[in-house]
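S.K.: Mind having a look at this structure? Questions to follow.
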């Protein structure tokens, strides 16, 4: 009788240990799966024109302005970027600002979409390039000024 209870207790212990290790393995695998999903959602694929950085699309294709192929770029999603609003300014009167596209109240030119000051602050660690003739023209990459065509120069911090 003592042997029977000993074997029964040993069998129950083995079943308990197998059950807990299987449960622990399933738990760690599901956590790994969740982490992978979170990483996927932190990045976004955007297709941009190499000549016109403001032309963006979520699908590959051609730039409507210069007809060049759009290049694939992976952009990290910034929580601050979601709450920022678009700012439109007049090319001739930078003090004229609006939350939507339209015409300048002083000269009647179309307002152009610009980065807000909040966006520039969020990119504080990145290099900033600006036009020597138009300091309001800023970019995070080397290139040409959209107003006069001069090369953008790196801003010293």
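The values are calculated or read from the model by the stated rules, or taken from the named source; none is laboratory data. Because the structure is a prediction, the values reported are computed rather than measured. Every residue, glycine as well, gets a Cβ built from its backbone with ideal geometry; the counts of neighbours run over all protein chains shown.
S.K.: Is segment 92-108 home to any residue that is in a strand (DSSP E or B), at pLDDT 85 or above and under 22 Å from residue 48 (Cβ atoms)?
M.R.: Filtering segment 92-108 for residues in a strand (DSSP E or B) gives 97-98, 103.
In the following step, the residues that additionally are at pLDDT 85 or above were identified as 103.
Within this subset, residues satisfying the condition of being under 22 Å from residue 48 (Cβ atoms) are none.
The answer is no; no qualifying residue exists.
S.K.: Being under 25 Å from the mean Cα position of the chain (by Cα) and modelled with pLDDT of 75 or more, is that true of even one residue in segment 25-32?
M.R.: no
S.K.: Here is a list of conditions, (1) part of a loop (DSSP other than H, G, I, E, B); (2) at pLDDT below 85; (3) surrounded by 11 or more Cβ atoms within 10 Å (Cβ to Cβ), and residue 146 meets all of them except one; can you say which number that is?
M.R.: Every condition holds for residue 146 apart from (2).
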